[in-house]
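First comes the structure, then the notes that go with it.
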Amino acid sequence: MKLSARLSAAVGASALVLGAFAGAAPVASASEQAVTPPDISVANVKQHLTDLQSIATANGGNRAHGRTGYKASIDFVKGKLDAAGYTTTLQTFTYNGATGYNLIADWPGGDPNQVVMSGSHLDSVTAGPGINDNGSGSAAILETALAVSRAQFQPTKHLRFGWWGAEELGLVGSKYYVNNLPAAERSKISGYLNFDMIGSPNPGYFVYDDDPTIEQTFKTYFAGLGVPTEIETEGDGRSDHAPFKNVGIPVGGLFSGADYTKTAAQAQKWGGTSGQAFDRCYHSSCDTTANINDTALDRNADAIAYAVWNLSSGSTTPPTGTVFENTADVSVPDNGAAVTSSVTVSGVTGNAPTNLAVGVNIVHTYIGDLVVDLIAPDGSVYNLHNRTGGSADNINQTYTVNASSEVANGVWKLRVQDKASVDTGYINSFKLTFP
Ligand code: DTR
Ligand code: ZN
Ligand code: ZN
């Protein structure tokens, strides 16, 4: 169970809640409409990729952990950030007998107790230069950071960027960073945005389905472009957002696909080639500057800037709130028995409030199949969803429940039952916020 201040969803179709925190977040006021960041020049991002390619070429063909090409990559990124006014920190660790490096860059200013962090792994595999995996994410957040400097952007929240080492060996650098971050510092990170492979040559447009506010921010951006997105469901644990998520920090991110094959339906909505991998050069020597789709890189880089600007702006004073959350996935049997996800509430005096915020995140391909109930510690049932929504995907919503007749402390359950055949899904998270 986790207690932490968290971003919470209340994002309208056109407006954005700018980084509201725990509790039933206020609906965006007129003054909190989305802010428009500067355009991120894809030419600048591609120039960074060309420079990373040159570094790999000059260092044995790769930028892998423990090789000279990785340290040269770190020095390249650090030099640009130092020149742009960032406070940079080089964090070293040892893995497989070699020194690894994380680069952390803080943009001076903003509330140090509300940190919006963006990160990408900078290392490649030994087989090649790693331009899409993950020069693309590294270069895009680098150019976003430089755009912040050029604009002398002064958001409400503090901006931090990270470039991770040894991701390819098991998220080693990002794990080291999170594991060595004191709990008090972790709780200051209001969101971590991860970008790993965002320029795939046969691209998809995938949005991480973790923190609802971050997810909706990206969806709002792509909706504005008229570009459909899909939920990135196979990424859990597959990149550097995992160590942050595992300690309760809200996470999100973008992904354009790796070695999985693009379906005909996906080619219909995104173009490209069905029956072919999103990136045929994944972890291969051909992952060079020729292995990039400029449109995907451009769109994703601009989406990063949109999220950084919007999640760090706004004057919303985070309301207090105590969060109890269970993020363990619980599979929902197709047309089968009900399943539950539980949280144990403790330390809350008296009864639950009239506005108990119940955060529900269910990944499912036909929410009209579902009955969703909140079960109080005494067994009282509060129905949240009763087979509405038809063929829509996923329930990602915060319900406000008048639970004032219930004693707050005890085991609360989210009960989900799929009552029709074919479509399936799982409980992704269940969260109670006591204002
Ligand atoms: N593990 C990443 C590539 C990767 C594979 N699936 C996902 C999902 C979400 C983000 C990244 C990935 C790597 O090879 O670096
Ligand atoms: Zn990789
Ligand atoms: Zn990667």
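The values are calculated or read from the model by the stated rules, or taken from the named source; none is laboratory data. Bear in mind the structure is a predicted one, so any value in this text is a computation, not a measurement. Here Cβ is always computed from backbone atoms with ideal geometry, including for glycine, and neighbour counts include all displayed protein chains. Each accessible area value is taken on the protein alone, full model and side chains, heavy atoms only, with ligands, DNA and RNA left out. Shrake-Rupley method; radii C 1.70, N 1.55, O 1.52, S 1.80 Å.
The table below gives the values:
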item: Enumeration of residues in the stretch 197-213 that are under 14 Å from ALA301 (Cβ atoms) and within 11 Å of ligand 1 (Cβ to nearest atom); result: MET197, ILE198, SER200
item: Cross-chain or 6+ apart pairs with Cβ under 8 Å, the stretch 395-410 first and at pLDDT below 90, then open to solvent by less than 30 Å² (accessible area, probe 1.4 Å) and among the acidic types (Asp, Glu); result: ASN396/ASP209; ASN396/GLU215
item: Single residue of the stretch 160-173 satisfying the filter (closer than 28 Å to ASN310 by Cβ and touching an Asp or Glu at 6+ places or on another chain (Cβ under 6 Å)) that is surrounded by the fewest Cβ atoms within 10 Å (Cβ to Cβ); result: LEU171
item: Meets criteria (in contact (Cβ under 8 Å) with a residue 12 or more places away in the chain and farther than 23 Å from ALA56 by Cα) for TYR101; result: no
item: Evaluation of ALA139 against (1) touching a Ser or Thr at 6+ places or on another chain (Cβ under 8 Å); (2) aliphatic (A, V, I, L, M); (3) within 16 Å of ligand 3 (Cβ to nearest atom) (one fails), failing number; result: (1)
item: Residue identified as free of Cβ contacts under 8 Å to residues at least 60 places away in the same chain, of a type in the set (S, T, N, Q) and more than 16 Å from ligand 1 (Cβ to nearest atom) among THR144, THR88; result: THR88
item: Options SER312, SER346; residue that is touching a strand residue (DSSP E or B) at 6+ places or on another chain (Cβ under 6 Å) and among the small types (Gly, Ala, Ser); result: SER312
item: Hits in the stretch 255-265 (condition: surrounded by 17 or more Cβ atoms within 10 Å (Cβ to Cβ), part of a loop (DSSP other than H, G, I, E, B) and within 16 Å of ligand 3 (Cβ to nearest atom)); result: SER256, GLY257, ALA258
item: Test set (1) part of a helix (DSSP H, G or I); (2) open to solvent by less than 10 Å² (accessible area, probe 1.4 Å) - GLN268 fails condition number; result: (2)
item: Criterion violated by PHE153 - all others in (1) more than 22 Å from LEU52 (Cβ to Cβ); (2) within 14 Å of ligand 1 (Cβ to nearest atom) satisfied; result: (2)
item: Qualifying residue in the stretch 200-217 (condition: within 30 Å of GLU325 (Cα to Cα), within 16 Å of ligand 2 (Cβ to nearest atom), of a type outside the set (Asp, Glu) and in contact with a Lys or Arg (Cβ under 9 Å, 6 or more places away or on another chain)); result: no
item: Any hit, the stretch 401-412, residues being open to solvent by 50 Å² or more (accessible area, probe 1.4 Å), not in a loop (DSSP other than H, G, I, E, B) and not β-branched (Val, Ile, Thr); result: no
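Listed here are the residues, each with its yes/no results for (1) in contact with a His (Cβ under 8 Å, 6 or more places away or on another chain); (2) at negative phi; (3) open to solvent by 10 Å² or more (accessible area, probe 1.4 Å); (4) assigned to a strand (DSSP E or B).
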position: ASP133; (1), (2), (3), (4): yes, yes, no, no
position: LEU146; (1), (2), (3), (4): no, yes, yes, no
position: ARG150; (1), (2), (3), (4): no, yes, yes, no
position: PRO155; (1), (2), (3), (4): no, yes, yes, no
position: HIS158; (1), (2), (3), (4): no, yes, yes, yes
position: LYS175; (1), (2), (3), (4): no, yes, yes, no
position: LEU181; (1), (2), (3), (4): no, yes, yes, no
position: ASN194; (1), (2), (3), (4): yes, yes, no, yes
position: PRO201; (1), (2), (3), (4): no, yes, yes, no
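Every residue, every condition in (1) of a type in the set (Gly, Ala, Ser); (2) in a strand (DSSP E or B); (3) open to solvent by 10 Å² or more (accessible area, probe 1.4 Å), yes or no:
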residue	(1), (2), (3)
PRO228	no, no, yes
ASP236	no, no, yes
GLY248	yes, no, no
GLY253	yes, yes, no
